[in-house]
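Heads up: the structure comes next, in structure tokens.
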Amino acid sequence: MVVRGGIQATVFDVRRVVEGLRPPAIDEFGLVDAVRQLAVGLHHDGLDIRIEADPFPPLSAAAEVAIYRIVQEASTDIVRHAHATRAIIDLAFAEDVVVLTISDDGSGVVADRPDGVGLHSTGERAASLGGERAVDAREGTGTTVTARLPVAARATQPRAKVGAP
């Protein structure tokens, strides 16, 4: 049906616009604390989400949004599909590489849903930074999503005053 195809295309376009927006929590709390806030919002009965994070230097806006959105999508999939009781989100930074590891003790079954954004978008986000994403699903014991993202720490510079030369 033409109408249904048009609606699906519109929904796809709206998702892309929303996904591209910078989450306000990053500006308010910083990347790591924004991820912590995200995890608090994802808690539901019987799921314990733990965050392990290295201190992060300032990163580019694109890197921060990609990292946040990868964690968001992988974590949302845990809540919606994994039937997990525990999840760990690990954010590590070393030598200009961020390594995200999101693991759970759930079903380990990753459904291929062509109509969903799902894990497909996590791969696209990692690739947009020149990185890679891997999914290790172990039926009955859980899933681990790992993204390795080359990111250069952003040098912090004082903001120029309006009207300054």
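The values are calculated or read from the model by the stated rules, or taken from the named source; none is laboratory data. Owing to the predicted nature of the structure, the values given are computational and were not obtained by experimental measurement. Ideal geometry is used to build each Cβ from the backbone, glycine not excepted, and the neighbour counts take in all protein chains shown.
What to note about this one:
- Residue tally, condition within 30 Å of residue 106 (Cβ to Cβ), among the acidic types (Asp, Glu) and either at pLDDT 90 or above or surrounded by 11 or more Cβ atoms within 10 Å (Cβ to Cβ) (or both), over the range 1-58: 5
- Of residues in the range 86-106 being among the acidic types (Asp, Glu) and under 20 Å from residue 36 (Cβ atoms), the one surrounded by the fewest Cβ atoms within 10 Å (Cβ to Cβ): 90
- Options 113, 138: the member that is more than 23 Å from residue 65 (Cα to Cα) and either at pLDDT 75 or above or of a type in the set (A, V, I, L, M) (or both): 138
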